[in-house]
Amino acid sequence: MKTTTNTTELLQLKFGEDTFTKQDARDKVTTLWLPLVKLREVLAYLKHDIDQPYALLFDITAIDERTRKFSPDYPSKNFTLVYCLFSFEQNAFLRLKVALHGEFPTVPSITKLWANANWYEREVFDMFGIRFDGHPFLRRLLMPETWKGNPLRKEHPARATEMGPFRLFPEKEEIEQSNLQFNPEAWGMASQSEDSDFMFLNIGPQHPGTHGVLRIVLQLDGEDIVDAVPDIGFHHRGAEKMAERQSWHTYIPYTDRVDYLGGVNNNLAYLLAVEELAGIQIPERAQVIRVMMCELFRIASHLVWYGTFAQDVGQLSPVFYMFTDREKIFDIVEAVCGGRMHPNWFRIGGVAQDLPIGWDKLVKEFIDYFPKRLKEYDDMVMRNSIFKSRTIGIGIFTKEEAIEWGVTGAGLRACGMAWDFRKERPYSGYEKFNFDVPVAHNGDCYDRAKVRVEEMRQSLRIIEQCWKHMPAGDYKADHALTTPPVKKHTMKDIETLITHFLGVSWGPVIPAGEAMSCIEATKGANSYYAISDGNTSPYRVRLRTPSFAHMQMIPYISKGYTVADLLSILGAMDYVLADIDR
């Protein structure tokens, strides 16, 4: 990854060399420790005053350090607060760390610097108990208000068997039901204006327009939306907590279930971080296989979005045609991987098996079949007058607003910014493929649709190149830490057999360190930040998903539109609930 030496020098000149302590990270991302008292000032400088600013607040997370041996070169702490910034001009990430002391520390909020800091700070408060002074509405985000404890603290149980049996006593049921009632005043909402009373409409958590277990409470003046409150967390399963009790290898299937439409894209994002930590070089054949499978899943995911979006705005037939075409992709996936929606097929160091005999025939049939189907869908949906009237000029946001709220993927490209991590920060050999980055310029629901439709054509171009130029060679790295390790020598001596057994049962021991991946997933920038303390399981895994960032923007972009327009806005966003809640 590109380093930001110039940024480090600028920060040292501005705030003094003693202000920052540099940490070497495996992923080569510039990582700086700084004192808490300088945090807000440094962040403001990086966003507003530097020549090539870090306009995107990519992520905020924390690490419970209390059970880890840390290097004396770095500040001692009970918790570490981690800010990840990104500069489009420099094409570089910057990681800032703050050491926190005490059981429940307090830090200044940066919600006045970045709008999207709101949910990230609430999540850290919810998961770790770290308070943010000056936050406009600091309350739990993913867990219910009645939850006891903070799940990502090390003392919080990781398994249900570590807790007592669940019993729903009448008193508890009454408390839980009371907690679900929406109180507008508690959210700073007025019940009436000078000339009318507002109505509060509860959409979800069970509603076809929310595409899953999502609740949005609307403040309405007639049909017009005054404000909206997304209520998330119904799908939260503790994906990051589960990483701490799984081996590096056995955590792979859990990643499948995050963006459950994106399939192996989830595996890739996680494995890139693990392989960076372990220093594993992936063979070219394995890289191309990974790319081909990721692009097949990109099309499959977009087909689900395409059909359900058309259905949201009044067209019933497209979803049946598009789901049928998705099945054709799953036929390929099943032939190659054995699984369909959740193939769990990528491995540390490569993929589980080599491509089967006949894979090329199946892929070629789809390459020949799909373009004419996309053309039919253009006529059926994109040129349909009802679809246009429901999406053009609806849910508009600018490039600057998109960056402020952390929007990536098609939502950002629909604002005229041709940014795709496969092009700008290529991984898994994407730099060897010829494809275009579709853009649009109006930033509305229709343009977000237009970009995704063209992305399917570009994915097909990449798949065709994989089909034509699939290299020979190994499907997995010949490295001691690949999982499962190579088995061909295991029957020759007992030491190799024992090593193989331990590698399969316990998994590899990943060297101590930290590394972050970032891929262009089906819905935007997907990132895993993996931290190892030299054990068979991660010390901490942070999962940054695009849908979480995008859903936070709903109140901002829906104000002034109607309830019917909200369904268009939600459909054009292309989110997945597990991708939000994790």
| said: Quick check on the range 1-143: what are the equivalent-ellipsoid semi-axes from the Cα gyration tensor, as sqrt(5λ), descending, whole Å? | reply: 23, 19, 14
| request: Work out how much length GLU194 to ILE498 would gain on full extension: take 0.36 nm times their residue separation and subtract the Cα-Cα distance, in nm to one decimal. | output: 101.7 nm
| task | Could you list the trypsin sites (Lys or Arg not before Pro) in the range 415-511 that lie in coil according to DSSP, counting only those with at most 10 other Cβ atoms within 10 Å of their Cβ? | result | LYS488, LYS492
| field | Long-range HN-HN contacts of GLY350 with modeled amide H, under 5 Å | value | ALA477
| query | Using alpha-carbon positions, what is the distance between the centroids of the range 373-414 and the range 423-461, in Å? | reply | 13 Å
| request: Pop a pseudo-label 7 angstrom from the Cα along the beta-carbon direction at both GLU41 and MET341 and give the gap in nm to one decimal. | output: 5.3 nm
| query | Taking the Cβ of ARG544 as the center, what net charge do the other residues with Cβ under 10 Å away carry, scoring Lys and Arg +1 and Asp and Glu -1? | reply | +1
| field | Chain lengthening between ILE386 and ASP133 when straightened (0.36 nm per residue, less Cα-Cα) | value | 86.3 nm
| message | Can you compute the FRET efficiency between LYS28 and ALA160 using 1/(1 + (r/R0)^6), with r the Cβ-Cβ distance and R0 = 45 Å? Round to the nearest 0.05. | response | 0.70
| request: Among the listed pairs LYS14/LYS97; LYS69/LYS154; LYS14/LYS38; LYS423/LYS476; LYS28/LYS154, give every one whose C-alpha distance is greater than 20 Å. | output: LYS423/LYS476; LYS28/LYS154
| Using 1/(1 + (r/R0)^6) with R0 = 25 angstrom and r between the beta carbons of ARG245 and ARG66, what's the FRET efficiency to the nearest 0.05? | 0.90
| said: Can you give me the distance in nm between label points at GLN181 and ASP474, each placed 7 Å from the Cα along the Cα-to-Cβ direction? | reply: 6.4 nm
| the range 423-505: translational diffusion in µm²/s, Stokes-Einstein, Kirkwood Rh over Cα pairs, 37 °C, 0.692 mPa s | 194 µm²/s
| Simple Cβ-charge dipole of the chain, Lys/Arg +1 and Asp/Glu -1, about Cα centre, in debye nearest 20 | 1540 debye
| request: Starting from the range 167-242, pick out the chymotrypsin sites (Phe, Trp or Tyr not before Pro) whose DSSP state is loop and whose Cβ has at most 16 other Cβ atoms within 10 Å. | output: PHE182
| Under 5 Å between amide H atoms, partner at least 5 residues away or on a different chain: which partners does HIS207 have, H built in plane at 1.01 Å? | GLY212, LEU214
| query | Counting Lys and Arg as +1 and Asp and Glu as -1, each charge on the Cβ, what is the dipole of the range 5-153 about the Cα centre in debye, to the nearest 20? | reply | 460 debye
| Can you put THR106, THR21, THR545, THR7 in order, fewest other beta carbons within 10 Å first? | THR106, THR21, THR7, THR545
| query | Can you sort MET470, MET573 by how many other beta carbons sit within 10 Å, fewest first? | reply | MET470, MET573
| remark: Calculating P(r) over Cα pairs in 10 Å bins from 0, in percent from this structure picks out, from (1) 3, 14, 17, 12, 8, 8, 8, 7, 7, 7, 5, 3, 1, 0, 0; (2) 3, 16, 27, 27, 18, 7, 1, 0, 0; (3) 3, 13, 19, 20, 17, 14, 9, 3, 1, 0, entry (2)
| message | Within a 10 angstrom radius of the beta carbon, how do ARG582, ARG139 rank from fewest other beta carbons to most? | response | ARG139, ARG582
| query | Taking +1 at the Cβ of each Lys and Arg and -1 at the Cβ of each Asp and Glu, which of LEU56, LEU481, PHE501 sits farthest along the dipole of the chain towards its positive end, judged by Cα position relative to the Cα centre? | reply | PHE501
| task | Hand me the trypsin sites (Lys or Arg not before Pro) from the range 58-102 located in a DSSP loop with no more than 11 other Cβ atoms within 10 Å, in residue order please. | result | LYS69
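Each value in this text was obtained by applying a stated rule to the coordinates, not by laboratory testing. The structure displayed is predicted, hence computed values, not measured ones. Quick reminder, even Gly has a Cβ in these numbers, built from the backbone with ideal geometry, and neighbours come from all protein chains shown.
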